[in-house]
Every structure is written in structure tokens, then in C-alpha cells.
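Here the structure is laid out as C-alpha cells; the discussion comes afterwards.
The values are calculated or read from the model by the stated rules, or taken from the named source; none is laboratory data. Just so we're clear, the structure is a prediction, and the values are computed from it rather than from any experiment. So basically every Cβ, Gly included, is an ideal-geometry build from the backbone, and we count neighbours across all protein chains shown. When the accessible area is computed, the model is the full protein with side chains, heavy atoms only, and any ligands, DNA or RNA have been set aside. Shrake-Rupley method; radii C 1.70, N 1.55, O 1.52, S 1.80 Å.
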Amino acid sequence: MSETVVEIIGLQKAFGPLHVLRGIDLEVRRGEVVCVIGPSGSGKSTLLRCVNLLEQPTGGRVAVGGVELTDPDVDIDAARRRIGMVFQQFNLFSHLTVLDNLTIAQRKVLRRGKAEAEEVARRNLARVGLAEKADAMPAQLSGGQQQRVAIARSLAMDPELMLFDEPTSALDPELVGDVLGVMRTLAEAGMTMLVVTHEMQFAREVADRVLFMDGGVVVEQGPPERVIAAPQHERTRAFLSRVLDPTHQGPNVPAT
Amino acid sequence: MAMSKRKRAQAVRGGQYALLVVVAVVLAVVADWQNIGRAFFNLDVARAQFPEIISTALVNTVTYTVLGFGFGLVLGLILALMRMSSVPPYRWLASIYIEFFRGVPALLVFIAFGFGVPIAFQVRFDIYSTVMLALGLVGAAYMAETIRAGIQAVPKGQVEAARSLGMSQARAMVTVVIPQAFRIILPPLTNELILLTKDSSLIYLLGLATSEYELAKFGRAALNEHQSMTPILIAGLCYLIITIPLSFLSRWLERRTAGGKKVSAPEATGLEVKA
């Protein structure tokens, strides 16, 4: 039950002189949903991108499913197959239909046959509520639909871990709910998820654990009812009051 | 007398039309229409050009251009990938090639290819291979830069998504980046094809047999034979038959790409996203 999926030890990342991650330790167990919150520039997206090595860490260890990704001799393509990633900007392949977006990696990477790949694709499209959009082009879909397709595309690879990099930040407010709904269902189905988000409501209701990052370090972490509702650190409190009460008119403590 | 701005603009425009009419009238009166007609519009000479100017010359021009374009496109793609390679010598080689073949006149390349290469390397290609190589080598230098620009215009997120799905760098390039890059560069590539169509007129330098004449060479041969400019005029019109539809195609593709961008605006802004 408490098998470790992600193990990060002493993770460092610098872009030239800019030290973005200053020693992160993190463990995510199977089936756990971990939400990472924090101000922009705090390094939370970089942390996520280091987990599947889209960014090459400058120090420390990252292991997923027992495979050490920071080993220079690791087959990174093989390791990434088991890690789904959902981007802020969806990044659907704009020259392919929705169905082809879901089948192309299955066929070229997992070497599944056409029939099997399409069967898996349609099953996952149905899972995100877009079965009828199989033949549409990405540009014909709303942002929310595109993001749900992107989630389905990752799921079609049968990942053991899903990374979400601010999946709703590029969406119109009325489309956010659909995407969060899909993610919630996914979490309830037992998927291991690492989510960078600004949706405090989602983090509070779905996360098993919330990480607050600032200045490249994890300032505090714990169950959402503690980190979000009763933060221990001043920086967490300041951040949450800005997010939950943007106009600074209410009392300087987060509600609830 | 004070004129309103609008009236003045009208007067100026009227003056311009009047000037145009005067010039046209003067030209019509002064020109020696009989001589011009004999030189350019000799119907007997014109009739004598058919059907060969179509069945041989036009067909050859199109064939040469397609061969050169095809080879140039493949070579251009390889050069573009070399230019962006992580291996420095590949980058240097590609840069040198591109700078060289863009910098020297195609004319010189064809002369070198027609006379230098057969002597230097003791090889003798048939005309189609020679044309394909000569036109392709020149065209590739231009197309390489166009293709590279296209590849770099594909949003970075596309590669990241492909890599996240477990695709290798090469696999992502082939299945995701290059197909999108070609969509982006279709309009400039069509222009490249138009330029190459016209450049194909230079291959007479390679030395052509009668059956290998393309439009320009065909026109010049007929000019010598009939002492009339009429074949040149017809050859020119034949070029337009090829190039005008291509330029319409290019403009249509450009409009379509521009329209497509508008639809996928969120995708297009995905360029500089990084939290």
C-alpha cells in the first residue's frame, strides 16, 4: 500500500546564476495525491519538470518507480513512458485528430497494434467525457476539452504516475470545473498524482498532502486541512491570504 | 480659392488618370506597330512553335524543376537538421554549405557542374540526374534555411509533450515537429518552387540536346531560326502558366495558415510558458 513511487533527495536546479531549487526532498507513495502550491517563481513547476527530467537537475537524485532518472545511463525514454504529464498549455499535437493524438505514442512507443491503440484511446476519451470528439482537430475544441484530451492522451499510456503542471491556469474560469472534475475522478480511482496548482479548493478537497514551496524550498507540508486551513509558517499564511483574499479586504487569515 | 481636403484629393487622382491616358496615347501614336507586331506577334512563327513548345519544352521545364525541387527538399531537410545538430562539426558543415551555395550565382554552379564535375570526377550523368543535382544543390541551400525556420517555429511544448510520452528526440522530430514545420513553411516553400522554375532556365549551360530543351533554351533556338521574338514571348507566357497558379496557391496557403493560427490561439501563445 505505501509503496514509494517518487523519491526525490536533495534536488537542486540552477539556470545559470539563478538557483531555482535549493534542495528538495519529496516522497510520493502509490495512490497518493500531492498538490504543490506556492507563489510564482517559487520553483514548483521546475520541481515537476525535474520529475520526468524535462529539466535536467543540477544536483540530487530523482527516482520514479525504483528507477533512478538522474543516473546518466538511464533509458530516459523508457522511464518517461510510465510518467504521464499534463501541461498548462495542453500541447496537443495540432496536426493530428484527437484520436491520433491518443494513439500515436501508443503505436510508436509502446508498439501497440492499430486496433488495440484505438480501443484504449476511445476508452480513455470516454473516461474524460469526450468520446464523441475522437475525429475533431484540437483547434476545434475549447481549452477545457483540449486539456481533457491531453489527460486522456497521457492515460492511454497506462502511466503509474501523473504530473499536472498548472493544468487549469490557461483556462477560462467556466471551463476549469470540467478539468478538475476529471482529475478528481482520477484521484478517486487511485492514480498517483503530483499536481502543481493554484486551485486551493481542489487541493483542499482532493489532495492527501499539500506542499507549500517558496524560494526553491519546501516551506511546509502536510494534510490540506493543516497546510491550507491552519498554516504554521508566516510565508504560507501570507501566500494563502493573497490567493484566497486577493483584494486584501477581509481579515488577514484564510477563511474556513 | 480654398478647396476642401476631399476635393483636392479628387483633383489629384483625376490628374493621375489624365497623365496615364496621355502616356498611353503618345506611346500608341509613336510606336511602330508594324515592326513590333512582326517582332513579337508573328502568327506564322507562333504556330510553328506548337506543339513542341508544350510537349517538349514546357514538359521538360516542369520535369527539371520537380526533380531539382525534390532533391533540394530532401537535401535541404538534412542540412536544416545538421544546422541544429548538437554536434558542432555538423553545424559548421551545414553553415558553410548554405553560405557558399546562397552566395555564388546559380549560373556559376551550373557551369561548374556541366563542365568541371565530369572532368574532375570522370563521371557522366544523364541529363535528368545532372539537372536534379545541379538545381537541387542550389535550391537546398535556400530551402535549408526555410525549413530550419519552420522547425524552430513549432512551439517547444510540442516536443515536450512528445518526449513526455516516451518518444525519443528523433521520433518526436519525425512524428510531431517536422509535419507541423512543413505546414508552417508551405507558403515560402511554394515561393521557392517558383524561383526554381525560373532558375531551371539556366541549365542550358549544361549543354542540351534538342529533345532536352526547356522553355528558355527552346525559345532562344526558335528566335535564331525565325529571326522573331515571338517564340520568346510564348515561352514567357508558358512560364506564367506554371508560376501564376503556384503564386495563387502560395497566397491561398498563407491565408489558410493565418486563419488556422487564429483558431488555435491558445496553442500559439504556448511559446513562452514557464512558471
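If I filter segment A:209-226 down to residues being more than 24 Å from A:LEU18 (Cα to Cα) and in contact (Cβ under 8 Å) with a residue 24 or more places away in the chain, which single residue comes out as farthest from the chain's Cα centre (by Cα)?
Once the filter is applied, the top-ranked residue is A:PRO224.
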(message) Any residue that is at negative phi, in contact with a helix residue (DSSP H, G or I) (Cβ under 9 Å, 6 or more places away or on another chain), open to solvent by 30 Å² or more (accessible area, probe 1.4 Å) and outside any helix (DSSP H, G or I) - is there at least one of those in segment B:217-225?
(response) no
(request) Scan segment A:91-105 for residues that are more than 7 Å from chain B (Cβ to nearest Cβ) and over 15 Å from A:ASP158 (Cβ atoms) and jot them down. (result) A:LEU92, A:LEU96, A:THR97, A:VAL98, A:LEU99, A:ASP100, A:ASN101
(message) If the requirement is being assigned to a helix (DSSP H, G or I) and either of a type outside the set (Phe, Trp, Tyr) or in contact with a helix residue (DSSP H, G or I) (Cβ under 8 Å, 6 or more places away or on another chain) (or both), which of these qualifies: B:LEU208, B:LEU193?
(response) B:LEU193
(request) For residues that are in contact with a Leu (Cβ under 8 Å, 6 or more places away or on another chain) and either facing chain B (nearest Cβ under 7 Å) or surrounded by 19 or more Cβ atoms within 10 Å (Cβ to Cβ) (or both), tally how many sit in segment A:77-90. (result) 7
(request) Take segment B:139-169 and flag every residue that is open to solvent by less than 10 Å² (accessible area, probe 1.4 Å) and either away from every other protein chain (no Cβ under 14 Å) or part of a helix (DSSP H, G or I) (or both). (result) B:GLY139, B:ALA140, B:ALA141, B:MET143, B:ALA144, B:ILE147, B:GLY150, B:GLY157, B:GLN158, B:ALA161, B:ALA162, B:SER164
(request) Look at segment B:170-182 and say how many of its residues are more than 8 Å from chain A (Cβ to nearest Cβ) and either over 25 Å from the mean Cα position of the chain (by Cα) or touching a residue at least 60 places away in the same chain (Cβ under 8 Å) (or both). (result) 5
(request) Find the helices (runs of 4 or more DSSP H) located wholly in segment B:1-119 whose residues include 3 or more that are in contact (Cβ under 8 Å) with a residue 40 or more places away in the chain, and list them. (result) B:33-40, B:43-49, B:59-83, B:88-103, B:106-111
(request) Identify all residues within segment B:114-138 that are small (Gly, Ala, Ser) and either within 16 Å of the chain's Cα centre (by Cα) or open to solvent by 90 Å² or more (accessible area, probe 1.4 Å) (or both); write none if there are none. (result) B:ALA134, B:GLY136
